[in-house]
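Everything below concerns the one structure shown next.
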Amino acid sequence: MSLFNDRTDAGRRLAKRLSEYANRDDVLILALPRGGVPVAFEVAKELNVKMDVFIVRKLGVPGNEELAMGAIASDGIRVLNEDVVRSFQIPYKVIDEVAANELRELERRESIYRGNRPKPNISGSTVILVDDGLATGATMRAAAAAVKTKNPDKVVIAVPVAAPDTCSDFRNEVDKIICFATPEPFYGVGAWYEDFSQTTDKEVCDLLGRAAKIKSNNTS
């Protein structure tokens, strides 16, 4: 059933679909942590382009946290999955409480992963948002919305595997989306990896350090 050995394998294979972006100074890959970072690192290495991290947190439905009712990103961006909110009749007070908790984790990760390193200059860049897969797409939707506020030239989404409907939905939301595989039935992102073990904060920091040596990041 597995399509990929692990996230490293997925990133190398995804990079082959992104060859048009190789060796371009205007391209910036932004990885969604934590699972998107190993994928994005391999893509950045293969394409010889800049890479950084873009932190987004899923807002899980209370009692069913794996189901996303939305997501938040840096700079106060919040995107809701209105269908889920309506179906579960989730009060906005509850959404606000979950968002406040996730904001604390977002800020913790921002501090650990970035430290004193400035955020990348997104304005005028072709931004490629990378994750290890798309299920509902709530997290990626928040990331795309946040990136668009930074005046990029283009926004591209690239993932190894995605639910077919989710991949299709994004075609009207960004300039381009590349889903390496869209299996049906989908089952879930992890179903398509032989090794889908959790990526640690240390691994994220190590990969970001290595990515900085691929090509110096342009920062503002």
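The values are calculated or read from the model by the stated rules, or taken from the named source; none is laboratory data. On a predicted model such as this, the values are computed, not experimentally measured, just so you know. Positions of Cβ are backbone-derived with ideal geometry, glycine not excepted, and every protein chain shown enters the neighbour counts.
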Quiz item: Quick check, is N23 touching a residue at least 60 places away in the same chain (Cβ under 8 Å), more than 21 Å from Q198 (Cβ to Cβ) and surrounded by fewer than 24 Cβ atoms within 10 Å (Cβ to Cβ)?
Solution: no
Practice problem: Kindly indicate whether any position in segment 179-189 is touching a residue at least 12 places away in the same chain (Cβ under 8 Å), part of a helix (DSSP H, G or I), in contact with a Cys (Cβ under 8 Å, 6 or more places away or on another chain) and surrounded by 16 or more Cβ atoms within 10 Å (Cβ to Cβ). | Solution: no
Quiz prompt | Odd one out for C205, checked against (1) touching a strand residue (DSSP E or B) at 6+ places or on another chain (Cβ under 9 Å); (2) closer than 20 Å to N121 by Cα | solution = (1)
Practice problem: Please go through segment 113-129 and pick out each residue that is surrounded by 13 or more Cβ atoms within 10 Å (Cβ to Cβ) and more than 20 Å from N151 (Cβ to Cβ). | Solution: Y113, R114, R117
Quiz item: K93 passes all but one of (1) surrounded by 13 or more Cβ atoms within 10 Å (Cβ to Cβ); (2) at pLDDT 90 or above; (3) of a type in the set (K, R); which number fails?
Solution: (1)
Practice problem: Determine which member of the set A138, A181, A144, A191 is aliphatic (A, V, I, L, M), closer than 18 Å to A71 by Cα and at pLDDT 90 or above. | Solution: A144
Quiz item: Quick check, is V53 of a type outside the set (D, E, K, R), touching a residue at least 60 places away in the same chain (Cβ under 8 Å) and under 21 Å from R141 (Cβ atoms)?
Solution: yes
Quiz item: So which of E110, E105 ends up being closer than 21 Å to L30 by Cα, surrounded by 14 or more Cβ atoms within 10 Å (Cβ to Cβ), among the charged types (D, E, K, R) and free of Cβ contacts under 8 Å to residues at least 60 places away in the same chain?
Solution: E110
Quiz item: Across segment 144-167, what is the total count of residues that are more than 15 Å from the chain's Cα centre (by Cα) and either part of a strand (DSSP E or B) or of a type in the set (D, E) (or both)?
Solution: 3
Practice problem: Mind listing just one residue for me: the one in segment 2-37 that is polar (S, T, N, Q) and either in contact with a Cys (Cβ under 7 Å, 6 or more places away or on another chain) or part of a loop (DSSP other than H, G, I, E, B) (or both) and, of those, nearest to F54 (Cα to Cα)? | Solution: N23
Quiz prompt | Index of the failed condition, A99 passing every other in (1) in a helix (DSSP H, G or I); (2) under 24 Å from A135 (Cβ atoms); (3) in contact with a helix residue (DSSP H, G or I) (Cβ under 7 Å, 6 or more places away or on another chain) | solution = (3)
Exercise. Determine which member of the set E46, E42 is part of a helix (DSSP H, G or I), touching a helix residue (DSSP H, G or I) at 6+ places or on another chain (Cβ under 6 Å), buried (at least 19 other Cβ atoms within 10 Å of the Cβ) and free of Cβ contacts under 8 Å to residues at least 40 places away in the same chain.
Key: E42
Quiz prompt | Among the candidates R78, R104, R141, R117, residue that is in a helix (DSSP H, G or I), touching a strand residue (DSSP E or B) at 6+ places or on another chain (Cβ under 8 Å) and among the basic types (K, R) | solution = R141
